1. What area, in nm² and to one decimal, does the C-alpha convex hull of segment 34-92 cast on average over all directions?
2. So what is the 222 nm mean residue ellipticity for the chain from helices alone, if each DSSP H run of at least 4 adds -39500 (n - 2.57) and you divide by all residues, rounding to the nearest 500 deg cm²/dmol?
3. Using only alpha carbon pairs under 8 Å that are at least six residues apart, calculate the relative contact order of the chain and give it in whole percent.
4. Under Stokes-Einstein, with the Kirkwood radius over Cα pairs standing in for Rh, what whole-number D in µm²/s applies to the chain at 25 °C and 0.890 mPa s?
5. How far apart, in nanometres, would the label points at residue 86 and residue 20 be if each is projected 7 angstrom from Cα along the Cα-to-Cβ direction?
6. What is the list of residues in segment 102-127 whose amide nitrogen lies under 20 Å from a point 7 angstrom out from the Cα of residue 10, following Cα to Cβ?
7. With everything on Cα atoms, drop me the angle between helix 114-126 and the longest principal axis of the chain, reported from 0 to 90° to the nearest 10.
8. Distance between Cα centroids, segment 64-106 to segment 1-42: provide it in whole Å.
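Nothing in this text is a laboratory measurement; each read-out follows from the coordinates by a stated rule. Because the structure is predicted, anything quoted here is derived from the model rather than measured. Cβ atoms come from the backbone with ideal geometry, glycine included; neighbour counts cover every protein chain shown.
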């Protein structure tokens, strides 16, 4: 499994385009991109998996997960697949969300400061 983690802050604007190409047969791959956005950051992600002719018996999944920490940040994610071979398994998924307020509340009730609670939950997201 490959995992890429990126943090965007302070109004950064990023357009992320990435192509993962399979040219040989018999490969298994799980690819995960995780983004944390804060303080007005903007992400436009357009990752693509390409399975070329001759790359049979591929089993792959592309996952993009975005965690937004403030009301100013925005994320748009459009994963795609281009498959030119018949004998493959390929999938993709994306999620964009904020921290769960109930989880933050539970940690605060346990005596943890809000700032620390947020850090704990962000670390859990990235794990």
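1. Working: hull surface 15.7 nm².
Mean shadow area of the hull around the Cα atoms is 3.9 nm².
2. Working: 2 runs with 22 residues, N = 127.
After summing the helix terms and dividing by the residues of the chain, the value is -5000 deg cm²/dmol.
3. Details: 292 pairs, mean separation 29.4, N = 127.
Result for the chain is 23 percent.
4. Working: Rh = 16.1 Å.
Translational diffusion coefficient: 153 µm²/s.
5. Once both label points are built, they end up 2.6 nm from each other.
6. Output list for this probe position: 119.
7. Its long axis makes an angle of about 10 degrees.
8. 10
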